[in-house]
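*Asks:* My structure is below; once you've seen it, I'll send some questions.
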Amino acid sequence: MSLISWLRWNEAPSRLSSRSPAEMVLETLMMELTGQMREAERQQRERSNVVRKVCTGVDYSWLASTPRPTYDLSPSERLQLEDVCVKIHPSYCGPAILRFRQLLEEQEPEVQEVSRLFRSVLQEVLERMKQEEEAHKLTRQWSLRPRGSLATFKTRARISPFASDIRTISEDVERDTPPPLRSWSMPEFRAPKAD
């Protein structure tokens, strides 16, 4: 028996996708919306069946066939959502889907509300993308800004708080008095006098 057929799992797929990342994000997000709308409709149907069973006391669910989906997006609403989906960067597609699923789980919306919830998640992701882009731009500007070194600061500003051209009486007195005895922990800071 040949092992070559078993080792073909590591070969690259022969057909690579020719779609752009924006198209793939659009398709992924719209498939998620469609699937979640179907699921919301199924849950809504189950809730109405439970209510009907409680009211009548009889369960005819085994007799009924699964109805076709009754709610669909209008073409204009679908185009608007697709337009927003195209703006989403591929790296934000997964977090957008996770956030959408989290909101659906928390709120359990009706079928008509799912698209509104989806739109709010997309707007939230677009705002986050914009904020991160602005922060990245500021970081880039800050890192590319020329910096002055300490050496250039020294040459630009020379601070000499004790240098003065004005003669004072205390200066004359200090020059004529002998230096005070210094403590052992302090070094001598006076320069030797040149005669």
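The values are calculated or read from the model by the stated rules, or taken from the named source; none is laboratory data. Treat the numbers as computed from the prediction; the structure is a model and nothing was measured. Surface areas here come from the heavy atoms of the whole protein model, side chains and all, with no ligands, DNA or RNA. Shrake-Rupley method; radii C 1.70, N 1.55, O 1.52, S 1.80 Å.
*Asks:* How large is ³J(HN,Hα), in whole Hz, for each residue of segment 115-127 in order, when computed from phi with the Karplus curve 6.51 cos²θ - 1.76 cosθ + 1.60 and θ = phi - 60°, using x for Gly and Pro?
*Replies:* So the J values, rounded to whole Hz, are 5, 5, 5, 4, 4, 5, 5, 5, 5, 4, 5, 4, 5.
*Asks:* A further question on this structure: Please report the accessible area of ASP83 (heavy atoms, 1.4 Å probe, ligands and nucleic acids excluded) in Å², nearest 10.
*Replies:* Roll a 1.4 Å probe over it and ASP83 shows about 90 Å².
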